[in-house]
1. Exactly one of (1) assigned to a helix (DSSP H, G or I); (2) in contact with a helix residue (DSSP H, G or I) (Cβ under 8 Å, 6 or more places away or on another chain); (3) surrounded by fewer than 20 Cβ atoms within 10 Å (Cβ to Cβ) is unmet by Leu109. Its number?
2. Among the residues of the range 114-129, is there at least one that is at pLDDT 95 or above and more than 30 Å from Gly77 (Cβ to Cβ)?
3. Can you say whether Ala45 is in contact with a helix residue (DSSP H, G or I) (Cβ under 6 Å, 6 or more places away or on another chain) and closer than 30 Å to Gln23 by Cα, as far as the supplied structure shows?
4. Among residues belonging to the range 13-28 that are polar (S, T, N, Q) and more than 13 Å from Val59 (Cα to Cα), point out the one that is surrounded by the most Cβ atoms within 10 Å (Cβ to Cβ).
5. Can you tell me which condition Ile31 does not meet? The list is (1) surrounded by fewer than 14 Cβ atoms within 10 Å (Cβ to Cβ); (2) hydrophobic (A, V, I, L, M, F, W, C); (3) over 19 Å from the mean Cα position of the chain (by Cα), and all the others hold.
6. What number of residues in the range 67-101 are modelled with pLDDT of 95 or more, more than 14 Å from Tyr54 (Cβ to Cβ) and among the hydroxyl-bearing types (Ser, Thr, Tyr)?
7. Could you tell me how many of the residues in the range 126-143 are without any contact (Cβ under 8 Å) to a residue 60 or more places away in the chain and in a helix (DSSP H, G or I)?
8. Within the range 167-195, can you find the residues that are outside any helix (DSSP H, G or I) and among the hydrophobic types (A, V, I, L, M, F, W, C)?
Amino acid sequence: MIIIVFFTQLYCSLLDEANKAFQEKNIQKAIELYQKSAINGEDKAIFILGKLYYNGKYVQRDINKAMDYFTKVSAYGDKKAKYNMAIIYANKKYKNHSYTKAYNIFLELAQEGYAKAQNKVGIFLLHGIGIEKDYKMAVRWFEQAYFGHQYKPASCNLAVMFANGYGVFPNFGRARKLAQEGYEEKIPTCVKVYKEFNLHKYPKDKGFKFGYYK
């Protein structure tokens with residue numbers, strides 16, 4: 001028991017030192033400490049390294065290396081890591097690029113109630129990415145992400161559905177109600193649909209109850 005506590009404290013200390021070095025902009029030292037912590041099995045360090053190599057802001061971008069890190073930490077049940085794996089599969093620059101694999105991972109996470117993945121499944125169904133288009137199912141997933149978890153980008157996508165009549169009857173008042181908050185917060189999809197359809201001209205449909213949430 002004493003040995004386990006000692007090593008746990010050691011791993012936390014390495015991670016804390018790495019975070020401190022990163023905050024102080026000592027990137028090289030931070031990465032070295034993250035790598036040491038990762039070797040010791042610290043899942044947070046492994047995830048951070050995955051993000052660093054995927055974003056490529058502080059190190060040379062390497063999405064293959066990022067995938068390796070995300071795959072390792074996803075084995076611990078980390079949903080964010082698995083989500084990022086799907087993002088990489090959807091990237092055409094990845095050596096094993098596959099929209100189908102990306103969709104399947106998003107779907108698995110969506111079924112577990114992960115809002116960002118629910119929104120992604122909706123997007124894939126809307127555009128037919130790795131799966132046949134299904135507007136009605138896209139609406140259902142957007143609804144679950146927004147009304148089930150208040151994930152705002154999903155409200156923007158629902159606004160797109162109602163403005164265009166994809167899987168639902170067109171309703172600009174509903175579209176405005178769904179897009180309004182995101183438009184004010186400058187969420188790109190909300191801004192685009194709000195301006196494209198001149199949603200400011202339509203009164204908000206305040207009485208509508210959505211999907212399963214009646």
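1. Result: Leu109 fails condition (3) only.
2. Yes; the residues of the range 114-129 include at least one that is at pLDDT 95 or above and more than 30 Å from Gly77 (Cβ to Cβ).
3. Criteria met by Ala45.
4. Let us first name the residues in the range 13-28 that are polar (S, T, N, Q), namely 13, 19, 23, 26, 28.
Next, from what is left, pick out any that are more than 13 Å from Val59 (Cα to Cα): 13, 19, 23.
Numbers: Ser13: 12, Asn19: 17, Gln23: 9.
Of everything passing the filter in the range 13-28, Asn19 is surrounded by the most Cβ atoms within 10 Å (Cβ to Cβ).
5. (1)
6. 3
7. Matching residues across the range 126-143 total 8.
8. Step one: of the range 167-195, the residues outside any helix (DSSP H, G or I) are 167-171, 185-187.
If the condition is that a residue be outside any helix (DSSP H, G or I) and among the hydrophobic types (A, V, I, L, M, F, W, C), then Val168, Phe169, Ile187 are the ones that fit.
The values are calculated or read from the model by the stated rules, or taken from the named source; none is laboratory data. Since the model is a prediction, treat every value here as computed from it, not as a measurement. Counting neighbours? That spans all protein chains shown, and the Cβs are built from the backbone with ideal geometry, glycine included.
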